[in-house]
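The values are calculated or read from the model by the stated rules, or taken from the named source; none is laboratory data. What you see is a predicted model; the values in this text were computed from it and never measured. When we count neighbours, we look across all protein chains shown, and the Cβ atoms used for this are built from the backbone with ideal geometry, even at glycine. With ligands, DNA and RNA removed, areas are computed over all heavy atoms of the protein, side chains included. Shrake-Rupley method; radii C 1.70, N 1.55, O 1.52, S 1.80 Å.
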Amino acid sequence: MSPSCNFIFFCCCCCWLTVRSSKRRSFTRKAGAIKARGAFPAALGGISAAGRYVMSHRSPALSQTFLKWLLGILGVAVLVVVITVPLVLLTRKETSSGKTYTLQNYLNNDYKYKTHNLEWISGNEYLHKTDNGDILLISADSGTSSVILANTTLDKYQASTVTLSPDQKFALLQYSYTKLWRHSFTASYHIYNFSSSSILDDGLLPNDTQYISWSPVGHKLAYVWNNNVYVKASPIAEAVQITQNGEENKIFNGIPDWVYEEEMFGTHSALWWSPNGKFLAYASFNDTEVPVIEYSFYSEDTLQYPKTIKIPYPKAGATNPTVQFFIVDTTSLQEASPVEISPPAEIKSGDHYLSVVTWVTDERICLQWLRRIQNFSVLSVCDFENGNWSCPEGKQLTEESTTGWIGRFQPSVPHFAPDNSSYYKVFSDSAGYKHIHYINGSEVRNIVYGSHCWLVFLLVIREFHVLLFALPFPLLQAPIAVTSGKWEVISIEAVTNQYLVLLESSPKFTKCVSCNLDQERCQYYSVSFSKDTQYYQLNCLGPGLPISTLHKSTDDGVLRYLENNTELENSLKDIQMPLKRTKTLRIGGYDLWYQMILPPGFDSSKKYPLLLDVYAGPCSQKVDEVFRMSWATYLASTEQIIVASFDGRGSGYQGDAIMHAINRRLGTYEVEDQIEAARKFSEMSFVDKNRIAIWGWSYGGYVTSMALGSGSGVFKCGIAVAPVSRWQYYDSIYTERYMGLPTENDNLKNYNSSTVMARAEKFKKVEYLLIHGTADDNVHFQQAAQISKALVDAEVDFQAMVWFGFVYHYTNENNNISSLW
């Protein structure tokens, strides 16, 4: 479940200022009649050219009230959009100081900031794709560049992406891309030979490959086709099939099944090369016993029967996929025999997951395993010795949480020191804050003192900064805290014999690389290091316009500006941009962060309507310092609406006490805190308490629905997009991480008390718009259907919009908001 959505492409709210589009037919039905025809009767609405199904449920009495109300506001000048208009309709003005950021500006993406795409291929070289499509090879030190693949070559072979072999002798040119789920896809590939400036024979690789990658050194290839793993010693060598049992929707070799892709790995591959390409590791998933979700996919209107999509999808408490882990020696492919590495005994004894795979050397690999109830994990270090792989117990590290779950979403990645034995890892300290710990992986108990220097990303509240500091410590076996305090380390970015990298926001160590570069413009950073950390790209993401710079690690000075968005800066001088306010509210015993996007020329003596933009899932963060030109920008700039967000209990990066507050009780504090925040907003002198709305997507749709169904009286209306409605309907890995199992002897009571449907009666007091796609592979349409049924049964007046064929993971075509108008 994605923690945020950048495509907020519908109107603000359908409350008492709603005016229906003349293009949309409105129907009045008795709720009982609607119920008899099912949740989505065809008679209740129409399908627009954009493939939307819009319906309204109204009782006769409500219909009369609605007509009287409608006549009373016919004189209001409005911008009518799809099915609703903004929460408040204010006269748009252009003042002498400039224009506002309009809806059309947003739809057209008129003011888009630029980023600098960069792919490191060595310690001092990187690839960059220019605006005209040329692929450049650039020296980090000198800045000199050369075209290695011209746009004419890419156009000739219809290549959408390019992947260079590490020795720069070949390139994979991808074409015929077809998206599957959030990360997965199939594609075909040409192999381009730089020595002949031409492609090799197309028969060297199969079409519709599921995954392919070069070895880290040289030009071996590993790929997955028809759920089986293949290896080629060179582009022209015959492929050797490593696995034989791959089967669609049953056995997945080298690629994850749906739930592992979405919730555990966050990628479309389950295949890992050793550092020098000697070994290839892969995971195999058996979904034979996993229950299958089926739904119709409405595509070509020439099909007499719609296509049926089938996905092995384990819901909370259902049978999970089983996983096995294998390593194969690629230096002797003809005699290759994959060797299985089993999980530790305390993991293997029950349902479990493979969570993190980290190669250390060609003959050492680190695996992390999780129990199905994700509060216990074991890290194993496995070595190749005397022709066999072994994972000694003495090198295991066990993590256990007594207050929640392991990590933020899963165990953190270990970063090994140059000795290839000791490593650094982020996990909670005794105070419940995520910090870096040093672990001596050897069995030698002698104390050795050493000095290492780190570049580290740390977060304090909302700001990301890059720091460089030196800290000597004894090399003991027990984990040693490297950082501490009431802030959290986000991630370690690099470790060498000279440098280590982490995240912090109130720097007090030797040197903060990013803190003083441009404090007004830059408070939120990301970083990308070259292969040996000699150089790094530093990306300032806000609050001002983004900047991308190149630095040398030895002195951290700016070598050159890669992108500074000067053109956009000049364009925005004539636009009245909103203001952003960030403060805290005291709720539930904590000081919790909120932000407000305020209209230009904000006047605290006036009353403004307010929209609460919510996500509120576990370890989420809505309040940050990132620059965005979004739907909220339009609402504030042109419609004079305050758009607020709030990170309550359950949100991340502020310690386990806050994040784990919703452990085993989703639908409680994270919902209550949003309601309380809105109530406190309503008490602010500049907020019109009679015009407060809420909206959210996915988990945000769930929180929106739960808040509207609470009967709080704070919100007048709201929009829920693709909401969860009952946690038993959602996938096992995500749901059980936070809720445990839906069984009598575990947490069934809290599962049953956290449904949207149980609050149906309270929806009579609010205006509610429910939006969902029928082809949503993640949050199934079942979730919205059950909400609709419960509301119809309760004779609740509400509106619903259905996207036929619309999926959770939107393609570029779907990302275009104009498709909804």
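For the range 156-195, the residues whose backbone nitrogen is under 12 Å from a point 7 Å from the Cα of ASP208, taken along Cα to Cβ, are 178, 186-188. Straight Cα distances below 21 angstrom link LYS169 to the lysines LYS129, LYS156, LYS220, LYS232, LYS278, LYS531, with same-chain residues fewer than 8 positions distant left out. Look at where the Cα atoms of the range 604-636 and of the range 137-157 average out, and the two centres are 40 Å apart.
Please give the peptides 302-313, 607-618 ranked by average Cβ packing (other Cβ atoms within 10 Å per residue), highest first, as a rough proxy for protection.
Details: 302-313: 12.7, 607-618: 25.6.
Sorting 302-313, 607-618 by mean packing, highest first, produces 607-618, 302-313.
Under 18 Å of direct C-alpha separation, and excluding same-chain neighbours fewer than eight residues apart, LYS395 reaches these aspartates and glutamates: GLU346, ASP362, GLU363, ASP383, GLU385, ASP419, GLU443.
Here LYS689 is the anchor, and the lysines within straight C-alpha reach of less than 21 Å, apart from those fewer than 8 places off in the same chain, are LYS580, LYS583, LYS606, LYS607, LYS680, LYS716, LYS762, LYS764, LYS765.
Give, as a single signed number, the net charge of other residues whose beta carbon lies under 11 Å from the beta carbon of PHE384, with Lys and Arg counted +1 and Asp and Glu -1. Charge balance in the 11 Å sphere: -3. The Cα atoms of the range 575-820 define a convex hull whose projected area, averaged across directions, is 13.8 nm².
If you plug the beta carbon distance of SER685 and ALA478 into 1/(1 + (r/R0)^6) with R0 = 45 Å, you get a FRET efficiency near 0.25.
Are there any GluC sites (Glu not before Pro) in the range 691-761 that are in a DSSP loop and have at most 10 other Cβ atoms within 10 Å? List them by number.
Numbers: sites: GLU736, GLU744, GLU761; in loops: GLU744.
Loop-located and lightly packed - GLU744.
Between HIS128 and TYR305, residue separation times 0.36 nm minus the direct Cα-Cα distance comes to 59.1 nm. Here each label is just a point 7 Å from Cα along the line to Cβ, and for SER753 and LYS99 those points are 5.4 nm apart. Diffusion coefficient (Stokes-Einstein, Kirkwood radius over C-alpha pairs, 25 °C, 0.890 mPa s) for the range 131-264: 152 µm²/s, rounded to a whole number.
I want the local charge near TRP727. Using Cβ-Cβ distances under 15 Å, sum +1 for each Lys or Arg and -1 for each Asp or Glu among the other residues. Mind dumping the intermediate values first?
On the way: positive: LYS315, ARG664, ARG665, ARG726, ARG737, LYS749, ARG759; negative: GLU263, GLU670, ASP731, GLU736, ASP746.
Local net charge: +2.
A probe of 1.4 angstrom, applied to the heavy atoms of all protein chains, finds ARG371 with accessible area near 90 square angstrom. Each peptide in 749-755, 737-743 gets a packing score, the mean of other Cβ atoms within 10 Å over its residues, and the list from highest to lowest is 737-743, 749-755. Remark: relative contact order (the range 575-820) = 16 percent; criterion is Cα-Cα distance under 8 angstrom and separation of 6 or more residues. Radius of gyration (Cα atoms) of the range 650-790, expressed as a multiple of 2.2 N^0.38 Å: 1.06.
Summing charges over neighbours of ALA150, with a neighbour being any other residue whose Cβ is under 12 Å away from its Cβ, gives 0 when K and R count +1 and D and E count -1. Extending 7 Å from Cα along the Cβ direction at GLN244 and again at ASP518 yields two label points whose distance is 6.1 nm. Fully extending the segment from GLU761 to LYS169, taken as 0.36 nm per residue of separation minus the present Cα-Cα distance, adds 206.5 nm.
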